[in-house]
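To keep things clear, I will list the structure first and then write my remarks on it.
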Amino acid sequence: QLQFVESGGGLVQPGGSLRLSCAASRSIFSIVAMGWYRQVPGKQRELVATAYIGASTYYADSVKGRFTISRDNANNTVNLQMNSLKPEDTAVYYCNTATGTLVAWGQGTLVTVSS
């Protein structure tokens with residue numbers, strides 16, 4: 001069964017950077033699209049970045065130019081480099097497929113951007 005474990009969150013000041021990692025329990029080589037999502041309490045979970053087979057990527061407007069997603073199929077990981085962080089980036093971040101067929105959500109990793 002495919003599962004994901006997210007890590008790398010923490011407290012960072014505005015303008016700072018964090019790198020999130022997502023480890024999959026099995027190969028992600030054949031998964032067409034892998035995504036990073038985030039959720040603020042009381043709001044819907046939103047997709048912020050997608051990495052497709054073939055290296056294409058998608059970013060939500062709110063993070064475009066600041067976040068970079070990458071997938072390492074050899075190590076079954078998906079990473080999210082987050083730069084120029086803003087307080088509004090504060091959320092719990094999750095990874096999952098982005099193909100329309102989600103698997104069970106992991107625990108996520110909390111990112112707090114605050115001075």
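The values are calculated or read from the model by the stated rules, or taken from the named source; none is laboratory data. Please read these numbers as outputs of a predicted model, since none were measured by experiment. Methodologically, a virtual Cβ is constructed for each residue, glycine included, from the backbone with ideal geometry; neighbour enumeration extends over all protein chains shown. Protein only, heavy atoms only, side chains kept; ligands, DNA and RNA dropped before computing areas. Shrake-Rupley method; radii C 1.70, N 1.55, O 1.52, S 1.80 Å.
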Per-region count, the stretch 13-44, residues crowded, with 17+ Cβ neighbours inside 10 Å and not in a strand (DSSP E or B):
2
From the list 77, 101, which one is modelled with pLDDT under 95, polar (S, T, N, Q) and under 18 Å from residue 2 (Cα atoms)?
101
Within the stretch 85-109, which residues are open to solvent by 20 Å² or more (accessible area, probe 1.4 Å) and among the β-branched types (Val, Ile, Thr)?
90, 92, 99, 101, 103
Considering only residues that are out of contact with any Phe, Trp or Tyr (no Cβ under 9 Å at 6 or more places or on another chain) and either open to solvent by 70 Å² or more (accessible area, probe 1.4 Å) or hydrophobic (A, V, I, L, M, F, W, C) (or both), look in the stretch 64-84 and name the one that is farthest from residue 39 (Cα to Cα).
75
Checking the condition within 10 Å of the chain's Cα centre (by Cα) and in contact (Cβ under 8 Å) with a residue 12 or more places away in the chain, which residue from 66, 71, 26, 38 passes?
38
Evaluate the stretch 97-106: report whether one residue or more is touching a Phe, Trp or Tyr at 6+ places or on another chain (Cβ under 8 Å) and either in a strand (DSSP E or B) or at positive phi (or both).
no
Of the residues in the stretch 74-90, how many are within 15 Å of residue 40 (Cβ to Cβ) and either in contact with a Gly (Cβ under 9 Å, 6 or more places away or on another chain) or in contact (Cβ under 8 Å) with a residue 60 or more places away in the chain (or both)?
3
